[in-house]
1. When residues of region A:123-175 are filtered for being within 14 Å of residue A:273 (Cβ to Cβ) and facing chain B (nearest Cβ under 9 Å), how many remain?
2. With the condition kept exactly as written, say whether any residue in region A:173-185 is in contact with a Gly (Cβ under 8 Å, 6 or more places away or on another chain) and farther than 30 Å from residue B:139 by Cβ.
3. Identify, please: which residue in region A:36-50 is touching a residue at least 24 places away in the same chain (Cβ under 8 Å) and not β-branched (Val, Ile, Thr) and is, among those, surrounded by the fewest Cβ atoms within 10 Å (Cβ to Cβ)?
4. Restricting attention to region A:175-203, and to residues there that are under 23 Å from residue A:81 (Cβ atoms) and in a helix (DSSP H, G or I), which single residue is farthest from the chain's Cα centre (by Cα)?
5. Determine whether region B:113-124 contains at least one residue that is within 13 Å of the chain's Cα centre (by Cα) and among the basic types (Lys, Arg).
6. Mind listing just one residue for me: the one in region B:8-34 that is more than 13 Å from residue B:123 (Cα to Cα) and free of Cβ contacts under 8 Å to residues at least 24 places away in the same chain and, of those, nearest to the chain's Cα centre (by Cα)?
7. Picking from A:355, A:341, A:351, A:286, which residue would you name as being under 30 Å from residue B:59 (Cα atoms), among the hydrophobic types (A, V, I, L, M, F, W, C) and either free of Cβ contacts under 8 Å to residues at least 60 places away in the same chain or in the same structural domain as residue A:204 (by TED's automatic domain parsing) (or both)?
8. Go through region A:204-223 and give me each residue that's buried (at least 18 other Cβ atoms within 10 Å of the Cβ) and either touching a strand residue (DSSP E or B) at 6+ places or on another chain (Cβ under 6 Å) or within 14 Å of chain B (Cβ to nearest Cβ) (or both).
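The values are calculated or read from the model by the stated rules, or taken from the named source; none is laboratory data. As the structure is a computational prediction, the values presented were derived from the model and not from experiment. Methodologically, a virtual Cβ is constructed for each residue, glycine included, from the backbone with ideal geometry; neighbour enumeration extends over all protein chains shown.
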Amino acid sequence: MYVAVKGGEAAIANAHSLLADRRRGDRSVPALRLDQIVEQLALGVDRVMSEGSLYDRELAALAIVQARGDLIEAIFLVRAYRTTLPRFGYSKAIDTAAMLVERRVSATYKDLPGGQLLGPTFDYTHRLLDPELAAGGDVAEPLQRETDAQAMPRVSAILAREGLIEPDGEMPRDNVPGDITREPLEFPMARDIRLQALSRGDEGFLLALGYSTQRGYARNHPFVGEIRIGEVELELDVPELPFAVPLGTVRVTECQMVNQFKGSAKAPPQFTRGYGLVFGQSERKAMAMALCDRALRASELGEDVVAAAQDEEFVISHSDNVQATGFVEHLKLPHYVDFQAELDLVRRMRAEYDARENPVKAEDKREAAE
Amino acid sequence: MRGQEARDQAERKAAMATLAQSSGDDIVRLWNATGLPSDAELLRGPETGLVTVRGRIGGGGSPFNVGETTVTRATVRLRSGQVGHCYALGRDKQKARLAAIADALWQDPARRAEVETGLIAPLRSALATAHERRRAETAATKVDFFTMVRGED
């Protein structure tokens with residue numbers, strides 16, 4: 001019999017002060033400043049902003065330090081912080097065609113208006129550890145090149161001229177975009193809501209699912225039509241002003257995945273599309289999101305749903321790493337009462353089993369006990 | 001809307017955009033240099049809240065919600081009656097208050113030129129320089145394709 005007890009208050013307090021000590025580490029090593037994290041661990045900061053679903057570099061940097069570099073813990077901290085703030089509204093939709101582009105590549109067209117701009121990429125590096133970086137040497141200023149401001153239309157607009165690609169996704173007229181921070185998830189779910197869930201989804205989970213589609217589970221022949229990274233302006237309609245108020249700029253990564261599609265009863269042969277849009281410079285995540293978006297459109301396009309990546313309820317219900325870690329990690333919290341009940345149950349079942357399988361021995365045992 | 005009113009609105013919006021994109025430090029530094037008055041009645045805030053960022057499916061399709069961003073806003077009234085607003089990304093309350101005062105001063109015909117030349121113009125030029133540098137650095141990473149000579153003739 002287990003009775004309710006309480007305890008551990010001192011242990012918890014001491015554990016937290018030990019955590020604070022270990023977080024700080026060796027005091028002879030200078031403490032990290034938030035601006036160092038923002039500037040030098042920028043992609044980690046971007047991941048926390050994207051999956052924490054809150055664009056604020058300093059808060060993300062604070063969360064990373066507080067979590068000792070555990071990004072999922074940092075994402076959890078950011079999500080919790082969000083809930084303390086009032087909501088001012090929904091921005092006007094950003095225009096990625098008007099982006100101040102820092103990187104833009106297409107795997108489908110060599111010569112496209114605006115060109116291929118590699119930007120600050122890991123691509124084509126040799127993935128060799130750099131001892132000079134460890135020594136902390138000076139870094140040269142980047143090169144500059146004269147440029148005439150050339151428009152950079154989205155690649156989807158170029159393909160659209162031939163009519164061989166489906167248009168940008170349209171929801172029914174008068175559709176108000178769903179918001180998973182306001183309403184519980186319901187299945188089946190509209191594409192706008194799915195995209196919101198994917199944009200904050202766990203990079204590792206979406207990467208694995210995207211990878212699975214390439215390996216043949218829901219194969220859909222993807223090409224990167226375009227990836228672009230850069231800053232876009234944000235505007236908000238407010239009642240006190242006769243125009244949309246400009247808020248500043250945010251950096252986003254957009255991925256247009258183009259997929260071969262042989263046609264179905266519902267649609268002619270054409271290229272179909274998957275779309276990825278995430279906060280910060282988060283290319284892998286945007287690509288994985290686009291692969292998953294396309295795979296999850298299986299029913300809409302009349303494809304057979306045969307693989308995990310096409311199963312909307314499976315993907316969306318498990319893509320949020322804060323929910324996932326909450327449920328997995330709760331298992332380590334005290335379950336003493338639950339376990340006592342289970343122990344009692346298993347003992348009884350075992351006794352019944354023994355009595356059934358080996359009645360004599362069970363009888364002996366009872367007699368011995370008596 | 002009459003032409004003049006539309007032009008005024010466009011200019012006011014452009015000034016607000018410049019203030020929103022500039023750092024709080026730059027605004028404070030220039031403010032101190034111009035000697036613009038920084039006293040005003042706070043009607044609201046400065047307060048920090050969330051704005052949900054919207055994107056479009058496929059880049060140009062129907063809107064969807066991407067995630068949230070912190071925004072700080074302030075509303076002020078000058079003794080001369082003008083009411084100014086600021087909404088800016090981030091959590092810089094001093095910046096929001098000063099930008100709201102700047103917006104109010106901008107609406108005062110007697111002050112507009114001073115705000116434009118002392119504050120907005122230098123901020124705008126610093127932003128333009130930064131953008132131009134970013135563009136030029138990106139342009140240096142542009143791929144120039146050339147055709148390999150096959151040597152057949």
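1. 8
2. no
3. A:43
4. A:196
5. Yes; the residues of region B:113-124 include at least one that is within 13 Å of the chain's Cα centre (by Cα) and among the basic types (Lys, Arg).
6. So, considering only residues that are more than 13 Å from residue B:123 (Cα to Cα) and free of Cβ contacts under 8 Å to residues at least 24 places away in the same chain, the one nearest to the chain's Cα centre (by Cα) is B:13.
7. A:286
8. A:220, A:222
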